[in-house]
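Novice: Dropping a structure here in structure tokens format, bear with me for questions.
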Amino acid sequence: MKLAQLAAAIGQDAGAAGESRVTGFAIDHRKVAPGNIFGAFQGVKVNGEDYISAAVASGAVAVVARPEAQVVGAVHLADPLPRRAFARIAARFFTPVPETIVAVTGTNGKTSTVEMTRQIWRMCGCRAASIGTLGVTTPDESVSTGLTTPDIVTFLSNMTGLAREGVTHVAYEASSHGLAQYRNEGLPVRAGAFTNLSRDHLDYHADMEDYFAAKMRLFSEIVDDGGAAVIWADDAWSARAIEVASARGLSLFTVGEAGDQLRLITRKPSQLGQELEIVYEDNSYKVRLPLIGAYQVANALVSAGLALATGSPVAQVMDALGRLQPVRGRLERAAIAQSGAPVYVDYAHTPDALEAAIAALRPHVTGRLITVFGAGGDRDTGKRAPMGAAAVAGSDMVIVTDDNPRGEDPAAIRAAILQGAAGAQEIGDRRQAIAAAIAAAGADDIVLIAGKGHEQGQIVGTGDNMRVLAFDDVTVARECAAQLAGAAGQ
Ligand SMILES: CC(=O)N[C@H]1[C@@H](OP(=O)(O)OP(=O)(O)OC[C@H]2O[C@@H](n3ccc(=O)[nH]c3=O)[C@H](O)[C@@H]2O)O[C@H](CO)[C@@H](O)[C@@H]1O[C@H](C)C(=O)N[C@@H](C)C(=O)N[C@H](CCC(=O)O)C(=O)O
Ligand SMILES: Nc1ncnc2c1ncn2[C@@H]1O[C@H](COP(=O)(O)OP(=O)(O)OP(=O)(O)O)[C@@H](O)[C@H]1O
Ligand SMILES: N[C@H](CCC[C@H](N)C(=O)O)C(=O)O
Ligand SMILES: [Mg+2]
């Protein structure tokens with residue numbers, strides 16, 4: 001594709017160089033190949049503008065950068081918001097893309113919702129994929145990407161790759177970092193969803209307003225004109241999200257007890273899941289959701305909303321809800337202790353999520369709920385004590401342990417959690433903490449291991465000293481349960 005056609009995406013004229021053929025895109029100067037367009041962005045760690053001359057030396061034909069940046073030897077595609085301009089330009093290059101693309105934002109529930117949306121579409125007979133914390137999941141395979149939202153070049157080229165494989169429907173997770181950094185946009189998004197908002201990532205965002213504003217770009221800028229906004233209506237921030245979507249003129253699809261389009265009438269926990277009564281377009285539906293926990297109802301219904309808002313037939317969507325498979329690491333039953341106590345693994349890593357995970361298990365506990373969790377290093381420090389408070393408020397026994405200390409002193413992270421967790425025990429080593437919880441669990445108890453969900457490693461250290469030590473809560477829980485059973489049998 002010619003540079004002139006691409007520059008036109010942001011209304012610019014590339015002059016005589018417009019005839020140059022563009023071969024691809026790069027945001028890291030070390031990845032620039034001859035004929036590429038380089039995006040020079042000011043980052044958290046370094047200023048990409050410092051690498052412009054190196055990128056040009058490697059053959060960049062154009063550089064997307066702020067007007068004040070210095071570009072010599074290549075076309076300067078100047079824009080005060082270079083990340084957004086880059087997304088718009090690159091999106092013209094990466095085609096085709098799947099026909100139906102939807103995006104999900106919110107503090108908790110994004111991964112679960114994109115996963116469930118993919119499952120519903122699949123059960124409706126579509127070739128569907130999801131992109132998010134669990135990686136890229138297609139009808140044929142699942143590939144981990146490391147970050148929830150990959151960089152914009154990877155994101156767009158993944159979308160094109162999926163379209164070429166025949167995938168027609170994609171649900172992707174739009175994290176606040178991804179939204180703030182214009183890492184996943186540019187292509188036509190037919191519907192956006194908002195799950196909820198609560199404290200997280202205040203190391204990156206100035207305050208809750210700033211965090212909310214980052215998320216709301218999904219409705220105010222990213223979803224296509226005339227697209228749909230699927231909003232969980234029962235959250236404290238729902239009304240604000242509805243306001244943003246209405247101001248943009250999106251078609252509203254609200255879901256929940258206060259939902260207008262998909263209304264939850266009743267939710268009754270059953271032994272293996274929950275019985276729901278839902279109203280859609282004046283018809284009432286009874287659904288047996290095979291998952292426990294109120295939070296999973298929220299995610300399942302938002303997923304149903306996305307499918308309905310993008311044209312899936314209601315009978316098939318309701319039927320699919322009854323056949324949803326659990327999402328990896330989200331209230332996943334990992335083991336049964338010898339005492340009979342079930343051990344659950346959940347990805348709760350915010351105060352709200354911990355409260356939701358505990359509330360999900362509470363109706364199933366006749367004895368004690370034993371919670372093991374920690375908090376990540378180099379992440380929002382202010383969420384630690386509230387996580388401690390949420391854990392002790394809802395559990396009968398709490399063990400505070402390590403969860404990806406990264407560049408911080410693990411003992412200091414635990415101390416910050418313990419500030420809010422009066423009466424909790426402290427066992428730094430996560431395996432020992434899990435073993436202690438399982439050993440303490442009696443027949444009527446339930447163990448919850450929170451914070452890491454599907455993660456496969458414990459991240460220790462930072463920069464060049466960063467190491468990922470293999471660690472999987474599900475496997476460790478199984479091993480501990482088996483060892484304790486073996487020891488008891490001797
Ligand atoms: C804080 C943050 O989000 N950082 C992300 C961001 O980095 P940045 O733009 O600030 O990058 P930087 O390192 O300062 O560099 C600035 C620019 O110079 C370029 N550069 C840099 C060095 C060089 O030698 N040459 C060069 O060209 C870089 O490519 C970049 O464009 O953009 C990078 C590329 O897109 C990301 O890899 C990086 O994620 C870091 C690794 C990270 O840990 N991010 C986490 C917090 C994150 O984003 N998590 C969310 C999930 C959160 C949730 O689910 O709740 C996610 O969406 O994954
Ligand atoms: N709708 C919800 N309301 C409250 N808590 C939820 C909800 N959905 C999930 N959770 C909690 O949050 C945890 C993470 O869920 P999930 O991975 O779906 O969220 P996410 O938004 O993708 O998280 P991340 O920001 O890390 O990508 C779950 O394990 C559960 O404890
Ligand atoms: N997407 C979240 C995941 C947190 C998971 C938890 N195990 C941690 O490391 O803090 C983040 O990057 O903040
Ligand atoms: Mg996620």
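The values are calculated or read from the model by the stated rules, or taken from the named source; none is laboratory data. What you are looking at is a predicted structure, and each value in this text was computed from that prediction instead of being measured. Backbone-built Cβ (ideal geometry, glycine too); neighbour counts: all protein chains shown.
Novice: Tell me, which residue of the stretch 390-449 that is in contact with a Gly (Cβ under 6 Å, 6 or more places away or on another chain) and acidic (Asp, Glu) is farthest from residue 479 (Cα to Cα)?
Specialist: Selected residue: 408.
Novice: A further question on this structure: If only one of 351, 363 is in the same structural domain as residue 482 (by the TED database), touching a Pro at 6+ places or on another chain (Cβ under 9 Å) and crowded, with 22+ Cβ neighbours inside 10 Å, which one is it?
Specialist: Step by step, each of 351, 363 is checked, and only 351 is in the same structural domain as residue 482 (by the TED database), touching a Pro at 6+ places or on another chain (Cβ under 9 Å) and crowded, with 22+ Cβ neighbours inside 10 Å.
Novice: Name every residue in the stretch 433-476 that is at positive phi and at pLDDT below 95, in order of residue number.
Specialist: 463
Novice: Return the residues of the stretch 262-304 that are surrounded by 14 or more Cβ atoms within 10 Å (Cβ to Cβ) and of a type in the set (Asp, Glu); say none if nothing qualifies.
Specialist: Scanning the stretch 262-304 gives a single hit, 277.
Novice: Of all strands (runs of 3 or more DSSP E) completely enclosed by the stretch 391-480, which ones contain at least 2 residues that are in contact with a strand residue (DSSP E or B) (Cβ under 8 Å, 6 or more places away or on another chain) and crowded, with 20+ Cβ neighbours inside 10 Å?
Specialist: Fully inside the stretch 391-480 and qualifying: 397-400, 446-450.
Novice: Please list, ordered by first then second residue, the pairs with beta carbon atoms under 8 Å, 6 or more apart or interchain, first in the stretch 148-162 and under 18 Å from residue 110 (Cα atoms), second surrounded by fewer than 18 Cβ atoms within 10 Å (Cβ to Cβ).
Specialist: Close Cβ pairs (under 8 Å, with a partner that is surrounded by fewer than 18 Cβ atoms within 10 Å (Cβ to Cβ)) amount to 148/177; 149/177.
Novice: Being on the phi > 0 side of the Ramachandran plot, modelled with pLDDT of 95 or more and either within 24 Å of the chain's Cα centre (by Cα) or surrounded by 23 or more Cβ atoms within 10 Å (Cβ to Cβ) (or both) is true for just one of 39, 106. Which residue is that?
Specialist: 106
Novice: Listed residues 200, 235, 260, 224; which is farther than 24 Å from residue 310 by Cβ and either small (Gly, Ala, Ser) or not assigned by the TED database to the domain that holds residue 351 (or both)?
Specialist: 200
Novice: Between a residue in the stretch 227-239 that is surrounded by fewer than 21 Cβ atoms within 10 Å (Cβ to Cβ) and any residue that is charged (D, E, K, R), which pairs come within a Cβ distance under 7 Å, given they are 6 or more apart or on different chains?
Specialist: 234/257
Novice: Name the single residue that is surrounded by the most Cβ atoms within 10 Å (Cβ to Cβ) among those in the stretch 42-58 being closer than 16 Å to residue 153 by Cβ and at pLDDT 95 or above.
Specialist: That would be 55.
Novice: In this structure, is residue 201 within 16 Å of ligand 1 (Cβ to nearest atom) and without any contact (Cβ under 8 Å) to a residue 60 or more places away in the chain?
Specialist: No; evaluated as a whole, the condition is false for this residue.
Novice: Before we move on, is residue 190 under 30 Å from residue 283 (Cα atoms), part of a strand (DSSP E or B) and more than 13 Å from ligand 2 (Cβ to nearest atom)?
Specialist: Yes, satisfied.
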